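First the structure, in the form of structure tokens, and then the observations on it.
The values are calculated or read from the model by the stated rules, or taken from the named source; none is laboratory data. Bear in mind that the values here come from a model prediction, so they are computed numbers and not experimental data. Note that we place each Cβ from the backbone using ideal geometry, even for glycine, and neighbour counts take in every protein chain shown. SASA here: full protein model, heavy atoms, side chains in, ligands and nucleic acids out. Shrake-Rupley method; radii C 1.70, N 1.55, O 1.52, S 1.80 Å.
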Amino acid sequence: MSKMPSVIRTIHLNQNTYHGVTIEPTLVNFFYGKNGVGKSTLTRVIQNQVGISPVPENQEILVFNTDFINENIRVDDAIPGLFTMSHESIEQENLLQEKEARQTELEEEDANLKERKSVIGSELQTRMTAFYDACWNLTAQDRGTFRAYADGKRITKKALAQKLTEIHEPFTDKYEDLENLYQAAFSTDDTVYPQYTTVLAKFQQKNLSLLSQPILSSSDSPFAAFIRNIGATDWVHQGHDQFAGKAKKICPYCNQPLPKDYSEQFSAVFDEQYKKDIRAVEKIADAYTSYTGLCLSTLKGNLDISFSLLDTTEYREKLDTLQTIFELNHQKLKQKLASPSSTVTLEDTYELLKEIGVIISRFNEKITCHNEAVKDRETSQKAVLNKVWVRMASLVSDERKVYTAAAKPLIEEGETILARQAEIKAELTALKAEIKALSKEVASLDPTIDSINERLEDYGFTGFRLRKDKKEKNKFRIVRGENEAARGLSEGEKNFLGFLYFYYKIFNQNPADAERKEKIIVIDDPISSMDSSSIFHISSMVRDLIDKCLLNAKISKTPKTSTIRQLFVLTHNAFFHRQITYDKLMDDNFDFVNSYLITKERNVSAIHLCIHKDPDSDAPARERNYSPVQNTYAALWKEYRDTTSVTGLQRIMRQILDYYFIQISGHAKTSFNKMVEEKLDAMPEGSESQLFADIRALLGYVYLESLEIDDGFDNMTVNPRAASLRKAFMRIFELMGQKQHYDMMMSFPS
């Protein structure tokens, strides 16, 4: 599949280590190769227009390389300016000076306000820290009990205190009720449970008084009188019941014949009232058996409800006590029936049943809370967490009043300062806009100088800047302070300034009346001797140039929307290559973006077009661009995922931490370690102490001299202690708020 052609359609290389190599570039062309493989040769071929076809006629070729930097970035000589032609005016110059004087006045006032605000901020910080500590300590027990109070997130002392100060609702619930609600809302059990059944009926039956009275015969027969006199009524009755059917009219005790009328005499002893009383006691015994059976079956049946949040220990103990009392009373009733003349008193169980009823009520409250939570778990959790926060706010209420009284005047003064600073900022913004507009008219070189200086400051290069040359108005100089030549620039600073100058040269004209031409841009390794922060900024500008060039691919009709007609970017740096290409090699750019790998073997250079066929696409297989390099940083993560060697992991972890947090994120080693230590100190005491020790040990490696990341790979050995290192490593990313970056790098395909 042919790519979209651009100005230069073919490049033939037959110089130095190239032997008859021909490529067909498109609009945007990426070249990757290690140092010494032939990138500079390719750059010079394009720059010198030797071996390229067709030779550009209406386009200007701009090349950024070491030669461009050396030719243009000179500390002791004035640099050609980049500007558009305009006129000068004495009246406008005077107006410009007035506005600049007002700007100085406002900046001095703003500096004084900043100083006062700093004093206020320091005092407020001291009071806030004390308040944060108080809130943390006063709520420690509740935070331990209601662990979901922060909705699964780790909360800092500051965040806790700030949220508590926003709550003014009084806490009116009972602490025990709040515990029940919390347990129900955050239970993982979604079963709807029936409630416990209460038994509070008191045993009541007619003739209960018979139990405490002797039951005796009232017969007036001589035999009955004899039995009563000797107190043998129960003994005679029991003997008759036991031996009447076996005696055969012989007395079982004296072995003498019984009187012929013995049965009549015996029956006469136990009159109808006696028999009636006995039947009454039997009914009482039967009723008590039914009553106790119902009580025990009901109360024991409650235990079939296996709700895990209920502690049934006390319930079971009281139930055992109840059963014991019931059994004792049954024995007493048996005794009464066996010896009607005896007296018994049943043990009262009503108070014990009431105590069991209180326990059941408490259980049913928990069951009700749970069942309500099951109906709408999310709503229940939000409601109970709101109550938890209200309770914690009530705990710190007094401390909040003390803090508010002390902080209020400081805050009000700070707000007054902020309001005035906002006024100053608005006036300064307007002034600077007017000064810029006047500067464009007074001297059209100033806007470019201002833009470059703004970028230098934004990107952290504050040790030098550009200033318009006092003698040659169409040029500028690199200075420190006001007039001192910026000698001693590092190679990185010089290269960065050189690329900024090149970037603005693309969009500006020099000399002022030069004809505006379309551009062919060649960028050869623009990030030499730069730190990671500078690489990010250079990458951003290069991507901007790429996007502007690609506009010409997406507009089919003239006029063209960008003056950048073709772009070549060459680099040896894998990280920079990834930064500028990560979304440019996608399918929607395939027709007008090429990716190349430059190699050299046996002193012969070759250029490989990086296209392969997608095996997953429908036939015929679709061609796709691919990157010729694996990003070194991503390679480190692959190495981390693959190895379990303690020695290997320590080395890889140190490289990743140093590269991401120190080089890329811009933390100093000491400040990075301090930030992690502060976050560890803010954790609850005693939590994961061994893990924290592992983290602190791992941080020590960051202090060691960093190992430079290169394109090599290491083979790792296996060690069973690797798991603890991995956990500590992950937690460092969590503590620094970079867990999403950790997850992303861990999910990259191998």
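Miscellaneous remarks
- Verdict on Glu109 being open to solvent by 70 Å² or more (accessible area, probe 1.4 Å) and at pLDDT 85 or above: no
- Taken residue by residue, the range 564-574 has at least one member that is surrounded by 13 or more Cβ atoms within 10 Å (Cβ to Cβ), touching a His at 6+ places or on another chain (Cβ under 9 Å) and at pLDDT 85 or above.
- Subset of the range 376-406 that is hydrophobic (A, V, I, L, M, F, W, C) and over 31 Å from the mean Cα position of the chain (by Cα) - its residue that is most open to solvent (accessible area, probe 1.4 Å): Val402
- Any chance Ile79 is in contact with a strand residue (DSSP E or B) (Cβ under 8 Å, 6 or more places away or on another chain), at pLDDT 80 or above and under 26 Å from Phe576 (Cβ atoms): no
- For the range 152-170, the tally of residues that are touching a helix residue (DSSP H, G or I) at 6+ places or on another chain (Cβ under 7 Å) and either open to solvent by less than 50 Å² (accessible area, probe 1.4 Å) or more than 23 Å from Arg400 (Cα to Cα) (or both) stands at 5.
- Residue match in the range 132-146 (condition: touching a helix residue (DSSP H, G or I) at 6+ places or on another chain (Cβ under 8 Å), in a helix (DSSP H, G or I) and among the basic types (Lys, Arg)): yes
- Count of the range 107-153 residues, restricted to those that are of a type in the set (A, V, I, L, M, F, W, C) and under 20 Å from Leu418 (Cα atoms), is 6.
- Taking the numbered list (1) open to solvent by 50 Å² or more (accessible area, probe 1.4 Å); (2) over 27 Å from the mean Cα position of the chain (by Cα) in turn, Val199 passes all entries but (1).
- The set of residues in the range 295-319 that are part of a helix (DSSP H, G or I) and over 17 Å from Val199 (Cβ atoms) contains only Thr313.
- So Val28, is it modelled with pLDDT of 95 or more, surrounded by 14 or more Cβ atoms within 10 Å (Cβ to Cβ) and not polar (S, T, N, Q): yes
- Scanning the range 407-442 for residues that are within 20 Å of Leu160 (Cβ to Cβ) and open to solvent by less than 30 Å² (accessible area, probe 1.4 Å) turns up just one, Ala407.
- Complete set of residues in the range 174-196 that are part of a helix (DSSP H, G or I) and of a type in the set (D, E, K, R): Glu176, Asp177, Glu179
- For the range 320-340, the count of residues that are under 26 Å from Gln213 (Cα atoms), outside any helix (DSSP H, G or I) and out of contact with any strand residue (DSSP E or B) (no Cβ under 9 Å at 6 or more places or on another chain) is at least one.
This table checks each residue for (1) part of a helix (DSSP H, G or I); (2) closer than 30 Å to Phe131 by Cβ; (3) in contact with a Ser or Thr (Cβ under 6 Å, 6 or more places away or on another chain).
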| site | (1), (2), (3) |
| --- | --- |
| Ile359 | yes, no, no |
| Lys366 | yes, no, no |
| Cys369 | yes, no, no |
| Val374 | yes, no, no |
| Lys382 | yes, yes, no |
| Leu385 | yes, yes, no |
| Met392 | yes, yes, yes |
| Glu399 | yes, yes, no |
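- Failed condition for Val269, given (1) at pLDDT below 90; (2) aliphatic (A, V, I, L, M); (3) open to solvent by 40 Å² or more (accessible area, probe 1.4 Å): (3)
- Hey, Leu337 of a type in the set (A, V, I, L, M, F, W, C), open to solvent by 40 Å² or more (accessible area, probe 1.4 Å) and closer than 30 Å to Phe186 by Cα or not: no
- Being closer than 23 Å to Thr66 by Cα and open to solvent by 50 Å² or more (accessible area, probe 1.4 Å) is a property that Ser40 has.
- Selection status of Lys600, among the basic types (Lys, Arg), open to solvent by 20 Å² or more (accessible area, probe 1.4 Å) and at pLDDT 85 or above: yes
- Any hit, the range 358-375, residues being open to solvent by 50 Å² or more (accessible area, probe 1.4 Å), in contact with a Lys or Arg (Cβ under 8 Å, 6 or more places away or on another chain) and within 18 Å of Tyr196 (Cα to Cα): no
- First in the range 349-368 and over 12 Å from Thr312 (Cβ atoms), second anywhere and among the basic types (Lys, Arg), Cβ under 7 Å, 6 or more apart: Tyr350/Lys202; Leu352/Lys318; Glu355/Lys318
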